[in-house]
């Protein structure tokens, strides 16, 4: 395995198994992942929350079982925010999509198996272009896995964010009429999903960023002031761990652009 790019804020977080367990409900407010009962898995999750994504992914794979969700999350967050080479990013997303699909088939009640399958395929689709991904039939797979995630775990904020963003991106690329008739997406549904994510995770930078992105895709300049306000709030959000720090960094980059 190649060496992953390091988290750009080394030493900012110092979780161990005990502090990870203590803060679990807040740390996993967005993905509803159950608190692990095994100490080695908690140690591995601490690596993730500290921003040691490659070590966390390797530890999750070595543990297997519930560790696969950690491996998938660590890989996706790394690929989304830190991997500088597009080809490697896409390969990582395909790797997670295949692994999560197998996990979901083996454990169909595992909401996060379906979620990381959808997340990885969705990010891959963005990388090759949403229009091309839709033509390849990937959109339906993303939508189905996200909807299944929400059926299994109705308070899964991450799935609400991703599904809301999916509605917005498809409408942005093919229009409201074709989007509705061909892909079953609607503007009001997408915004409702994103608003629900904000309700489930108040103050979450990524929820605000994706809502702002959707407003601009769906309504353009007339929602610019509202989107800017959301980016500003996200940029000043106080991160609890490395992933949230990267979310806030993303908001700041949106403002700069």
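The values are calculated or read from the model by the stated rules, or taken from the named source; none is laboratory data. Computed from a prediction, not measured in an experiment: that's the story for all the values here. Positions of Cβ are backbone-derived with ideal geometry, glycine not excepted, and every protein chain shown enters the neighbour counts.
Tabulated data
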item	result
The lone exception for residue 58 - which of (1) surrounded by fewer than 24 Cβ atoms within 10 Å (Cβ to Cβ); (2) farther than 22 Å from residue 249 by Cα; (3) more than 17 Å from the chain's Cα centre (by Cα); (4) without any contact (Cβ under 8 Å) to a residue 24 or more places away in the chain it fails	(4)
Residue among 89, 26 that alone is out of contact with any helix residue (DSSP H, G or I) (no Cβ under 8 Å at 6 or more places or on another chain), in a helix (DSSP H, G or I) and in contact (Cβ under 8 Å) with a residue 24 or more places away in the chain	26
Hey, residue 83 buried (at least 19 other Cβ atoms within 10 Å of the Cβ), closer than 18 Å to residue 7 by Cα and out of contact with any helix residue (DSSP H, G or I) (no Cβ under 6 Å at 6 or more places or on another chain) or not	no
Subset of the stretch 29-45 that is surrounded by fewer than 19 Cβ atoms within 10 Å (Cβ to Cβ) and assigned to a helix (DSSP H, G or I) - its residue that is nearest to the chain's Cα centre (by Cα)	43
Lone qualifier among 140, 164 - being out of contact with any helix residue (DSSP H, G or I) (no Cβ under 7 Å at 6 or more places or on another chain), in a helix (DSSP H, G or I) and farther than 20 Å from residue 72 by Cα	140
Residue match in the stretch 181-198 (condition: buried (at least 19 other Cβ atoms within 10 Å of the Cβ), outside any helix (DSSP H, G or I), in contact (Cβ under 8 Å) with a residue 24 or more places away in the chain and within 18 Å of the chain's Cα centre (by Cα))	no
Selection from the stretch 92-137 of residues that are assigned to a helix (DSSP H, G or I), touching a residue at least 40 places away in the same chain (Cβ under 8 Å) and farther than 20 Å from residue 165 by Cα	104
Residue in the stretch 242-257 that is modelled with pLDDT under 95 and not in a helix (DSSP H, G or I) present	yes
